[in-house]
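Right, I'll just put the structure down here and ask away after.
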Amino acid sequence: MSKIALFPGSFDPFTIGHESIVRRALPLFDGITIAIGYNTNKKGFFPLNDRMKWIESVFQNDPKVTVVCYEGLTVDYCVSHGISYILRGLRTSADFEYERAIGQMNRAMHPKVETVFLLTQPEHTFIASTIVRDIILHGGDASRFLPSQIRI
Ligand code: ADP
């Protein structure tokens, strides 16, 4: 059975912090599915279609990476698609506390789905989609926080 990890997030937008987590996790898995979570009642900042196309362009030469959109519980998506691992990135102790609660809750619901955490590269610790969004919203240049393929 192939070892697939789901990397869920809003990726609004996808940053070099996200890219680094995926690239570093690639040798650990047979494939990584980047899953853009959405909520029909909560509009994201960038259109879902753009977010998807941007991420696909970053990994166009990596056949092990696929990009999907999903609504609903992440663990339910994993179970219904035969995915046994959830990949998450950790920047700070605040991330840890947030991820711990979600990871343990997910495990309580579906013990066969394990969450795997990678620590961010130190130079990516301060990079967050919310801040990047704010820079773009106010006309600043956020290009150095975005993968080179993503030009907003
Ligand atoms: P969510 O809305 O689920 O928090 P995000 O798109 O903000 O989604 O993040 C998705 C995942 O990427 C999370 O595990 C988050 O901790 C991680 N992440 C976000 N920014 C970085 C970064 N700069 N370095 C490493 N991991 C990151």
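Derivation of every value follows stated rules applied to the coordinates shown; laboratory data play no part. Remember, predicted model here, so these are calculated numbers, not experimental data. Reconstructed Cβ throughout: ideal geometry from the backbone, glycine too, with neighbour counts over all protein chains shown.
Any lysines with Cα under 17 Å of the K64 Cα? List them, leaving off those in the same chain fewer than 8 positions away.
Output for K64: K3, K53.
Run down the aspartates and glutamates and flag those whose C-alpha is under 12 Å from the C-alpha of K43, throwing out any fewer than 8 positions away in its chain.
K43 reaches D12.
Run the dipole for region 1-74 about the Cα centre, Lys and Arg Cβ at +1, Asp and Glu Cβ at -1, nothing else charged, and hand back the magnitude in debye, nearest 20.
Computed charge dipole of region 1-74: roughly 100 debye.
With angles folded into 0 to 90 degrees, how steeply does helix 93-109 sit against the dominant principal axis of the chain? Use alpha carbons for both and round to 10.
Compared with the principal axis, the helix lies near 30 degrees.
Classify region 12-125 from the C-alpha gyration tensor, please: rounded if a/c falls under 1.5, else prolate or oblate depending on whether a/b exceeds b/c.
rounded
I need the calculated FRET efficiency for the pair N41 and V68, taking r as the beta carbon distance and R₀ as 22 Å, to the nearest 0.05.
0.65
Indicate, rounded to the nearest 5 percent, the antiparallel portion of the DSSP beta bridges found entirely in region 4-142.
Bridges in region 4-142 that DSSP calls antiparallel: roughly 5 percent.
How tilted is helix 48-58 with respect to the longest principal axis of the chain? Cα atoms for both, answer in degrees (0 to 90, nearest 10).
It works out to around 90 degrees.
State, as an integer percentage, the relative contact order of the chain based on alpha-carbon contacts under 8 Å between residues 6 or more apart.
Working: 220 pairs, mean separation 48.9, N = 152.
Averaging sequence separation for qualifying contacts and normalising by length gives 32 percent for the chain.
For L119, what charge total do you get from the other residues with a beta carbon under 11 Å from its beta carbon, if Lys and Arg give +1 and Asp and Glu give -1? It would help to have the intermediate numbers written out before the result.
Numbers: positive: R24, R88, R91; negative: D95.
Taking every Cβ under 11 Å from that of L119, the sum is +2.
When the helices in the chain are scored as -39500 (n - 2.57) per DSSP H run of 4 or longer and the sum is shared across all residues, what 222 nm value do you end up with, to the nearest 500 deg cm²/dmol?
-10500 deg cm²/dmol
What's the local net charge at V65, with K and R +1, D and E -1, over the other residues with C-beta under 15 Å away?
So the environment of V65 carries a net charge of +2.
How charged is the neighbourhood of S84? Take every other residue with its Cβ under 9 Å from the Cβ of S84, and add Lys/Arg as +1 and Asp/Glu as -1. Write out the running numbers ahead of the final one.
On the way: positive: K3, K112; negative: E114.
With Lys, Arg at +1 and Asp, Glu at -1, the neighbours total +1.
For the residue pair Q104 and H138, what label-to-label distance in nm results when each label sits 7 Å from Cα along the Cα-to-beta-carbon direction?
Spacing of the two 7 Å Cα→Cβ label points: 3.7 nm.
Moving on to the next point. Give me the dipole magnitude in Debye, nearest 20, for region 37-110 about the Cα centre, with unit charges on the beta carbon: positive for Lys and Arg, negative for Asp and Glu.
The dipole of region 37-110 has a size of about 80 debye.
Which angle between 0 and 90 degrees, to the nearest 10, do you get for helix 16-25 versus the longest principal axis of the chain when only C-alpha atoms count?
On a 0 to 90 degree scale, this one is about 30.
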